[in-house]
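Report on one structure; see the data block that follows.
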Amino acid sequence: MLNRTPTQRRRHTGHAQRGLSLVELMVGVAIGLFIVAGATTVVATQLADTRRLTLETQMQQDLRATADIMVRQLRRAGYWSAASSTVWSPGAAWSLNPGNAITLVSPTEVTIALSGSTVTGYYLNPGPPGVLMQKFGPNPSQALTDGTTMSITGFNLQLAPLPAAQMSCPALCPDGTQTCWPTVQPQELLITITGQAVSDPSVVRTLQSAVRLRNDQIVNHNGTGLAGPLCPG
């Protein structure tokens with residue numbers, strides 16, 4: 001056995017390690033490509049999820065803003081400057097609000113009486129793309145939603161009466177009962193809006209809102225029609 005110095009052993013070792021073979025190089029490149037492909041897939045998935053989340057958030061905000069505009073107008077429905085005449089006083093004739101506050105023309109269209117002859121409303125223009133429209137008096141209708149970003153695929157309105165409450169009168173009915181006393185009929189409007197993203201039809205959002213109408217209906221059971229005494233004389 002030959003005795004070699006450390007320098008000779010280092011030279012011999014360096015001479016034996018000549019580098020990677022072609023097979024080893026190809027295996028290394030393949031593993032690297034798999035790693036890069038996996039990282040690219042993860043990044044692409046994250047970007048797609050982020051884009052979808054941003055789109056969903058934008059649609060939700062647009063639907064909420066649209067509903068808020070409608071709710072503000074609906075709560076003003078039936079505004080009447082002479083509302084004080086509905087307050088009972090001895091010997092005074094009562095008057096009821098002559099305006100029909102809410103009128104459902106169809107399940108996709110509603111008109112709102114604000115004051116006097118001022119009438120506004122909302123309806124669905126099916127498109128495509130579907131757009132919610134707002135009308136105000138005799139002026140041309142205006143788009144309430146942006147058809148370039150969101151298509152309204154569903155718009156449903158439902159007027160739901162709430163439990164009625166009986167008002168008090170100072171005297172009983174001629175038959176000795178309270179059947180002719182007026183009642184207050186509260187109402188609420190149920191709104192359902194469904195939107196679909198134009199850039200990604202798979203993104204669909206639905207918003208539901210219930211609007212409690214502030215102008216409650218007074219039902220006259222005294223047989224005098226809408227205008228006149230509500231209580232027996």
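Nothing in this text is a laboratory measurement; each read-out follows from the coordinates by a stated rule. Because the structure is a prediction, the values reported are computed rather than measured. As a convention, Cβ positions derive from the backbone with ideal geometry for all residues, glycine included, and neighbour counts pool all protein chains shown.
As a test of understanding, state the convex hull volume per residue of the stretch 126-233 from its alpha carbons, in Å³.
Working: hull volume 14.3 nm³, N = 108.
Hull volume normalised by residue count: 132 Å³.
If I histogram all Cα-Cα distances within the stretch 152-208 using bins 5 Å wide from 0, what percent of pairs lands in each bin?
Answer for the stretch 152-208: a P(r) of 4, 15, 14, 11, 9, 9, 7, 7, 6, 6, 5, 3, 3, 1 percent.
Hey, can you rank 22-32, 171-181 by average C-beta count inside 10 Å, highest first?
In descending order of packing, they fall as 171-181, 22-32.
Quick check: residue separation of V204 and R51 times 0.36 nm, minus the Cα distance between them. What number comes out in nm?
So the extension gain works out to 53.7 nm.
Suppose R0 equals 41 Å. What FRET efficiency, 1/(1 + (r/R0)^6) with r the Cβ-Cβ distance, do Q60 and V219 give to the nearest 0.05?
Efficiency, rounded to the nearest 0.05: 0.55.
I want to make sure I understand the PRE zone here: with the label point 7 angstrom from the Cα of V71 toward its beta carbon, which residues in the stretch 201-219 have backbone N atoms less than 11 Å away?
208-212
As an exercise, use a Förster radius of 25 Å and the Cβ-Cβ distance of T148 and A39 to find the FRET efficiency, rounded to the nearest 0.05.
Efficiency, rounded to the nearest 0.05: 0.10.
Once fully extended, how much extra length lies between V27 and M167, figured as 0.36 nm per residue of separation less the alpha-carbon to alpha-carbon distance?
Taking V27 through M167 to full extension adds about 41.5 nm, to one decimal.
Compare the peptides 132-142, 160-170 by average per-residue count of other Cβ atoms within 10 angstrom and give them in order, highest first.
Put in order of decreasing packing, that is 132-142, 160-170.
Near the amide H of L213, under 5 Å away, which other amide H atoms are found, from residues 5 or more places off or on another chain, if H is placed in the peptide plane?
Counting only residues 5 or more places away or on other chains, the set is Q187, E188, L189.
Would you mind counting up the charge near N125? Only other residues with Cβ under 12 Å from its Cβ, with Lys and Arg at +1 and Asp and Glu at -1.
Combined, the nearby Lys, Arg, Asp and Glu give 0.
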